[in-house]
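Note sheet for the following structure.
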Amino acid sequence: MIVILLAVILIINKRTESEKPALSADRLKVTGDKRAEEETGIENKNTIEATTTNGNIQYLVSNISNESSAENENYKENKVDKKQYYLVTKVVDGDTIDVLTGTTTERVRLIGINTPETVDPRKLVECFGKEASAKAHELLENKKVYLEVDETQDNRDKYKRLLRYAFREDGVFYNLEIIKQGYAYEYTYQIPYKYQMEFKAAQVYAKENKLGLWADNACAAVNGAKIATSTAGALPPNSNCNIKGNINSKGEKIYHLPACAYYAKTIINLSQGEKYFCTESEAIAAGWRKAQNCK
């Protein structure tokens, strides 16, 4: 009996020893799988995993994919860039238009520009007025425009007209374009406005290239009409004080005699500090110099 019992014990011990490596291998396999899963989880940040720890489910929040981010950015840009365009129903003149807003019509005074007068019954037809009006019709009539507000300016002028910049649907910035082509003057009313530097540069460009009203002999009478020489509506205090004291885009004070080449094209804007002088000595004493193109 004793011999048989010892034999059974030996057999059991041998069987137990033979099973140990298999168990270790199983443990290694489980550990390796778990480590692989953890490494995969670290590398792949764009997946959502759920793990259970002590019975509580913990969620790892995934990052938004690049495509989703791009879509969101495009949506934001489209939302920001969405603009309201209004139909121009009437071109009053080069610096004033009527637009349809819903069921009503608003009159808009365009900021930063002044075109020669043609429709004011109180004034004569001004130099290049008809040409400027025709160009405004060409650029704006029956077109749709986006109206930009300028926070530096009032919402409306004293005539209750909206004060705005006008951009066509094709991107043409009308206020700038009409100056650059030589059909309008840069105009600052009391305080500087958003695009003042660009408008002043556009006027210099038009002058240097003799475009529109800056062209030689542009202010000759058209169809026998009497043309006024002041396009700002400011008249000399008397007929003998007709020397024009102009301030150019660089801030230089220059006076023009009636015989000067650009006398007819020079505007006088009293609100900007420009003025008329009765004599050259008076202009010089006030700090103005004679225009270089004067003979």
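The values are calculated or read from the model by the stated rules, or taken from the named source; none is laboratory data. Note that this is a predicted model, so its numbers are computed, not measured. So basically every Cβ, Gly included, is an ideal-geometry build from the backbone, and we count neighbours across all protein chains shown.
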*What are the residues in region 126-148 that are out of contact with any Phe, Trp or Tyr (no Cβ under 8 Å at 6 or more places or on another chain) and either among the hydroxyl-bearing types (Ser, Thr, Tyr) or not in a helix (DSSP H, G or I) (or both), if any?*
126, 127, 133, 141, 142, 143
_Can you tell me which of (1) in a loop (DSSP other than H, G, I, E, B); (2) within 27 Å of residue 113 (Cβ to Cβ) is the one residue 287 doesn't meet?_
(2)
*Do we find a residue being at pLDDT 95 or above, farther than 27 Å from residue 262 by Cβ and among the polar types (S, T, N, Q) anywhere in region 131-142?*
no
*Restricting to region 107-130, what's the tally of residues that are closer than 12 Å to residue 91 by Cα and modelled with pLDDT of 90 or more?*
4
*State yes or no: is residue 250 free of Cβ contacts under 8 Å to residues at least 40 places away in the same chain and within 23 Å of residue 192 (Cα to Cα)?*
yes
*Could you tell me whether any residue of region 148-166 is within 26 Å of residue 201 (Cβ to Cβ) and touching a helix residue (DSSP H, G or I) at 6+ places or on another chain (Cβ under 7 Å)?*
yes
*Might you let me know whether region 167-174 holds any residue that is assigned to a loop (DSSP other than H, G, I, E, B) and of a type in the set (Phe, Trp, Tyr)?*
no
*Working only within region 165-197, note down all residues that are under 27 Å from residue 261 (Cβ atoms) and surrounded by fewer than 16 Cβ atoms within 10 Å (Cβ to Cβ).*
197
*Please indicate, with yes or no, whether at least one residue in region 81-89 is farther than 15 Å from residue 183 by Cβ, at pLDDT below 55 and either part of a loop (DSSP other than H, G, I, E, B) or of a type in the set (Val, Ile, Thr) (or both).*
no
